[in-house]
Amino acid sequence: MSAKAYALYGGIILLVLGVIGLLGGNTLLGLNSETLEDIIHIVAGGLLAWAGYRGGAAQQSMWSKVFGVVFLVVGLVGFFDNNIFGLFRQGMGTIDNIVHLIYGALGVMAGWRSKAM
């Protein structure tokens, strides 16, 4: 997967999940959803989608790596502190953590495999 594909399609997915989460309630397909988390998904999705659509290869690579690392950290921390340092009342479930780890690993791989300088 290229950094461009991760940024563009990953960003769109985050935007959609964030909007659905804001409109849909506390759970979505087994994933926990809170207002703060939904807003974070919308902001992250907007930045990623912008980088994928309008950004150059260096921006696509950088944002893929940045959000990949952030999602990896959130996924790992979620196994030990499901409220992520008290930010989320409902907390992250196991499915949430696994999804964050997968999303993060894809971002890191896409960003570092990019040929951007």
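The values are calculated or read from the model by the stated rules, or taken from the named source; none is laboratory data. In this text, all values refer to a predicted model and were calculated from it rather than measured experimentally. Because the Cβ atoms are built from the backbone with ideal geometry, glycine has one as well, and the counts that use them run over all protein chains shown.
Quick look at the numbers
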{"read-out": "Matching residues, the stretch 29-45, being of a type outside the set (D, E), surrounded by 14 or more Cβ atoms within 10 Å (Cβ to Cβ) and either modelled with pLDDT under 80 or over 18 Å from L106 (Cα atoms) (or both)", "value": "L31, N32, S33, I40, I42"}
{"read-out": "Per-region count, the stretch 56-81, residues in a loop (DSSP other than H, G, I, E, B) and buried (at least 21 other Cβ atoms within 10 Å of the Cβ)", "value": "0"}
